[in-house]
Amino acid sequence: MSTADEKGAVVAQPRRHLDQNIPAEAHAWVDSLAPDEYQRAQAKLKRKIDIRILPTLFILLVLNYLDRNAVPLARVQGLDKDLGLVGTQFNTVISVFFAGYIIGQVPSNILLSRSRPSLYLPGFVILWGTVSASAAAANSYSHLVVCRFFLGVTEAPYFPGILFFLSSWYTKRELALRTSILYTGAHLSGAFAGLIAAGVQRGLHMARGLESWRWLFIIEGVLTVFCGLVAAVILPNWPATTRWLSDREKALAAARLERDVGMGDDEYMPLGAAIKAAVKDYKMWLMGLIYCLMTTAGGYTAFVPTVVSTFGKSRVQTLLLTAPPYLVPAITEILVSFSSDRRPERCFHYTVPMVLGIIGFVIAATTTATAPRYLSIFFMTGGMSSSFTVLLAWVGSTFSRPRAKRAVAYGTVNALGNVAQIWSPYFYPASDGPRYVKAFVINACFTAAAIALSFVLRECLRRENQRMDERDDDDSVMTEKRIRYVL
């Protein structure tokens with residue numbers, strides 16, 4: 001474990017836990033480093049793992065969101081008419097994806113904690129790409145529902161898995177920025193998706209007798225399978241078991257995590273104990289509720305193409321207009337997360353941008369004029385999405401170690417959050433168009449509730465930190481301070 005000087009720099013101290021997969025000489029080398037040597041070695045290691053992890057996970061996350069969000073764009077291309085969807089059947093197609101998505105998240109993260117990430121994550125990428133491409137063969141509502149359900153099941157391991165994976169390589173001060181860099185891929189996928197769909201609509205509609213939406217599923221699915229195969233060669237495993245790190249780099253990677261939170265990331269916790277520890281921790285349930293409220297409001301993203309289609313433009317123009325709003329959070333999210341890591345602070349960085357989201361919901365509910373309605377989408381995406389990765393980093397810094405408990409916490413919080421995506425599509429029945437007042441009012445209210453509960457969480461963590469301060473002051477034999485929660 002480590003202490004910190006007044007500037008927040010890590011001061012190396014001998015560790016209490018030594019990974020048995022790493023030679024003792026490598027551990028001794030890390031412990032012998034002077035503070036400035038440790039910082040230089042750590043910076044070099046971070047560059048090495050950044051170049052392997054971040055671009056690979058970024059591209060796969062772009063594809064993750066392209067595949068799951070293909071259906072709303074396919075609707076603009078005529079999917080609902082071609083398959084004869086009526087009433088709330090399209091809403092069910094959106095909803096059933098998340099029914100499959102939430103099923104596998106907790107067990108998947110537990111399996112990941114005991115598996116090789118370099119094979120486990122790309123393996124599911126290949127599976128979901130295959131399922132996504134197979135949706136091109138759907139010829140009825142029931143076929144499409146089955147494809148969407150299994151797309152949710154196969155996509156379930158990826159997003160909570162990469163959050164857990166990142167937290168096994170990076171410290172609390174490094175998580176928010178890197179999470180936001182990755183999640184920028186989700187926003188860019190929103191921009192790329194519209195452009196890709198417009199190109200497919202213009203160039204491939206009825207090519208070889210296939211409608212444009214079928215080509216959209218085929219192209220995105222095949223590309224995903226190819227990138228999954230490449231990722232299996234590039235991605236690392238855990239710090240102590242990655243082949244392309246030297247023994248000293250493995251020891252340094254493990255030491256960084258232990259010095260950040262006071263225990264080794266590979267310290268073993270039995271599965272039953274990990275589940276019990278997570279379930280008994282109120283913070284996991286409170287964060288899950290906050291996430292659920294936020295994702296209920298975030299359900300608007302599946303209906304952005306539908307809202308834009310009310311502007312009276314052609315299919316190609318509508319698809320092109322869906323792209324720009326997603327470019328805003330690609331920038332603002334990184335800036336907010338960078339600031340959150342540098343301070344470090346979570347609550348205000350999470351809640352302040354969401355106020356912009358509320359403003360966007362209010363504008364959308366009160367007017368059908370094209371210009372302010374289009375502007376409201378920018379407020380929604382910029383405000384809600386800029387907060388998202390800060391909350392995810394807050395989960396990681398609150399459930400730092402051991403690995404098994406963090407896996408359960410990430411999976412549970414993400415699953416609870418995505419439960420909301422099962423019911424949120426039904427807030428947008430076609431009969432409520434084009435204004436969708438009920439949906440946007442609900443979104444504003446749920447966002448306000450998420451903000452309020454965030455301050456409740458902050459106060460709970462502040463009190464826990466205060467109790468740790470008091471115990472440290474009372475314990476005269478303590479040589480190291482307990483790790484504090486990031487507020």
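Which number in (1) among the hydrophobic types (A, V, I, L, M, F, W, C); (2) buried (at least 21 other Cβ atoms within 10 Å of the Cβ); (3) at pLDDT 85 or above marks the one condition that Ala371 misses?
(2)
From the list Thr322, Thr368, pick out the single residue that is out of contact with any Leu (no Cβ under 9 Å at 6 or more places or on another chain), among the β-branched types (Val, Ile, Thr) and more than 24 Å from Leu487 (Cα to Cα).
Residue meeting the stated conditions: Thr368.
Checking Met284 against (1) within 23 Å of Phe58 (Cβ to Cβ); (2) within 18 Å of the chain's Cα centre (by Cα); (3) crowded, with 18+ Cβ neighbours inside 10 Å, only one condition comes out false. Which one?
Result: Met284 passes all but (1).
Yes/no per residue for (1) acidic (Asp, Glu); (2) touching a residue at least 12 places away in the same chain (Cβ under 8 Å):
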| residue | (1), (2) |
| --- | --- |
| Asn418 | no, yes |
| Pro425 | no, yes |
| Asp432 | yes, no |
| Ala448 | no, yes |
| Glu464 | yes, yes |
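Mind checking which residues of segment 349-360 are hydrophobic (A, V, I, L, M, F, W, C) and under 19 Å from the mean Cα position of the chain (by Cα)?
Met354
Pairs please, first residue from segment 19-45 and aromatic (Phe, Trp, Tyr), second anywhere and assigned to a loop (DSSP other than H, G, I, E, B), Cβ atoms under 9 Å, 6+ apart in sequence or on different chains.
Close Cβ pairs (under 9 Å, with a partner that is assigned to a loop (DSSP other than H, G, I, E, B)) amount to Tyr38/Ala12.
Considering every residue within segment 418-430, establish whether at least one is assigned to a helix (DSSP H, G or I), under 29 Å from Asp341 (Cα atoms), small (Gly, Ala, Ser) and at pLDDT below 90.
yes
How many of the residues making up segment 201-211 are in a helix (DSSP H, G or I) and more than 15 Å from Gln317 (Cβ to Cβ)?
1
Being surrounded by fewer than 24 Cβ atoms within 10 Å (Cβ to Cβ), modelled with pLDDT of 90 or more and either within 19 Å of the chain's Cα centre (by Cα) or not hydroxyl-bearing (Ser, Thr, Tyr) (or both): is that true of Phe338 here?
The answer is no for Phe338.
Six or more apart or on different chains, Cβ under 9 Å: which pairs go from a residue in segment 321-348 that's over 14 Å from Phe379 (Cβ atoms) to one that's surrounded by fewer than 18 Cβ atoms within 10 Å (Cβ to Cβ) and of a type in the set (Ser, Thr, Tyr)? Could you list them?
Hits for this filter: Leu321/Tyr374; Glu345/Ser339.
Can you pull out the residues in segment 221-255 that are assigned to a helix (DSSP H, G or I), closer than 30 Å to Glu25 by Cα and either of a type in the set (Val, Ile, Thr) or in contact with a strand residue (DSSP E or B) (Cβ under 9 Å, 6 or more places away or on another chain) (or both)?
Passing the criteria: Val233, Ile234, Thr241.
Report yes if Ile218 is touching a strand residue (DSSP E or B) at 6+ places or on another chain (Cβ under 9 Å), among the β-branched types (Val, Ile, Thr) and in a helix (DSSP H, G or I), otherwise no.
For Ile218, the condition - touching a strand residue (DSSP E or B) at 6+ places or on another chain (Cβ under 9 Å), among the β-branched types (Val, Ile, Thr) and in a helix (DSSP H, G or I) - is met.
When residues of segment 245-281 are filtered for being at pLDDT 90 or above, charged (D, E, K, R) and buried (at least 20 other Cβ atoms within 10 Å of the Cβ), how many remain?
2
Of all residues in segment 350-368, which are crowded, with 16+ Cβ neighbours inside 10 Å, under 21 Å from Glu459 (Cα atoms) and touching a residue at least 60 places away in the same chain (Cβ under 8 Å)?
Hits for segment 350-368 are Tyr350, Thr351, Met354.
Return the pair list, or none, for Cβ contacts closer than 7 Å from residues in segment 204-233 that are touching a residue at least 24 places away in the same chain (Cβ under 8 Å) to residues that are assigned to a loop (DSSP other than H, G, I, E, B) and acidic (Asp, Glu), at least 6 apart or on different chains.
His205/Glu211
Across segment 450-487, what is the number of residues that are at pLDDT 85 or above, polar (S, T, N, Q) and farther than 17 Å from Leu391 by Cα?
Total satisfying the criteria: 2.
Just to be sure before I move on: is Asn109 in a loop (DSSP other than H, G, I, E, B), out of contact with any Leu (no Cβ under 6 Å at 6 or more places or on another chain) and either modelled with pLDDT under 95 or aromatic (Phe, Trp, Tyr) (or both) in the structure I sent?
no
Please enumerate the residues belonging to segment 129-183 that are part of a loop (DSSP other than H, G, I, E, B), closer than 21 Å to Ser95 by Cβ and of a type in the set (Gly, Ala, Ser).
Ala138, Ser140, Ala156
Please verify whether segment 346-359 includes one or more residues that are under 16 Å from Leu175 (Cα atoms), of a type in the set (Lys, Arg) and modelled with pLDDT under 90.
Scanning segment 346-359, I find no residue that is under 16 Å from Leu175 (Cα atoms), of a type in the set (Lys, Arg) and modelled with pLDDT under 90, so the answer is no.
Just to verify a result, which residue in segment 104-126, among those that are touching a residue at least 60 places away in the same chain (Cβ under 8 Å) and aliphatic (A, V, I, L, M), is farthest from Phe165 (Cα to Cα)?
The residue in question is Ile126.
The values are calculated or read from the model by the stated rules, or taken from the named source; none is laboratory data. Source: prediction; values computed, not measured. So basically every Cβ, Gly included, is an ideal-geometry build from the backbone, and we count neighbours across all protein chains shown.
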